[in-house]
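Visitor: Pasting a structure below so you can have a look.
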Amino acid sequence: MRSNKGLMIIIFMLGCTFFITLTTHGWDFYQQNIGRNLSFIYKSCCNSSVKKQKPLNEIFISAFAALRSTKKQDLRKDLLRKHCAGVNQSLDDLKDTDLKNFIVDDKHGIIYCYIPKVACTNWKRTLVALNYSEPYPDPMSFEHNWVHDSERFQYLNDFPKIDVYLFLLQAKLKHYTKFMFVRDPFVRLISAYRDKMLNYNQYFYEGYVRLILLLYKKQTKMTYNHKVAKKEGLQPSFYEFIQYILDPRTEKKEPFEPHWRQMHRLCHPCLIEYDFVGHQESLQEDAQELLKMLKLEDDIKFPPSYENMTSGNSVMDWFQSVPLEDRRMLYRIYEKDFLLFGYRRPTELLDD
């Protein structure tokens, strides 16, 4: 009797969901989104062939979380299509070097375009763990520097765009699950400054910090050793870092360093159709939704993020030293990232 009552409740709830969805969104939306996400409800609680049945409340919570995730992803991808309309470019126009941020996991059919300063260390840890046998190791067991060794992964640019390699590249892009994670462009810039201009290593000191100090702080006598430089308190201000980005000579010399390069220039969302676009601002929730999409949520846990997230007030504090006109110039450089990924224009920084 109890199972019959449960079945009646299920049928009633499914009927309500069907009616509401049909009247508000239409049949096509129901077929494409709702039906596929709710089909497992009956199987989970009422199908006797399922060994481990879930409580009714857990099933409906999971079902409607899946619906909410689908709707959120639809909105994010619609925004990409809107702002990519009219782009007169194709994948063939990309050079091999344009594909070097795309990690390929053949075992699980995944392509991840990583963006520095957007949880990429923890996603790399997760992908490394997934390449082990089950049960997968804890992603946090892999050290930060170790997972950033390029030898750990296979990349899309390992497939030259010629002959059979081109066919393989196209097949992977068509059939694999492609995902990326993005972040508020100005907050990401602040994070890059804190990490690479204040906590620099030898590479960033030689390649960027010394140059910025020379050009914008007019510092002439400087050591070549980053450890000595740190002891001497040598570091560019945030505004000097912004001046370097705004300087036309910077891009003429070479593309922006990936930690502050525009996100769309790293992952090319107008040329590659992503299956999932996550946001740093909802990282844990989005990561869990992605793992569910990949059917890996019960096999591996995405690591918690301990980075100090920069608040809106904090962003204002960082930009107080930057003149208004320079802020506007900076916004123009990153405007496409704001538009493509749904980040609001920071009027409090840009308007008089």
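Every number here is computed from the coordinates shown, using simple stated rules; none is lab data. From a predicted model like this one, the values you see are computed outputs, not experimental measurements. Here Cβ is always computed from backbone atoms with ideal geometry, including for glycine, and neighbour counts include all displayed protein chains.
Visitor: Could you list, in their original order, any pairs among LYS71/LYS107; LYS161/LYS196; LYS196/LYS221; LYS227/LYS253; LYS124/LYS217; LYS100/LYS217 whose Cα atoms are separated by more than 31 Å?
Guide: LYS161/LYS196; LYS124/LYS217; LYS100/LYS217
Visitor: Another question, if that's okay. In debye, nearest 20, what is the charge dipole magnitude of segment 74-185 about its Cα centre with +1 on Lys and Arg Cβ and -1 on Asp and Glu Cβ, if you could check?
Guide: About 400 debye.
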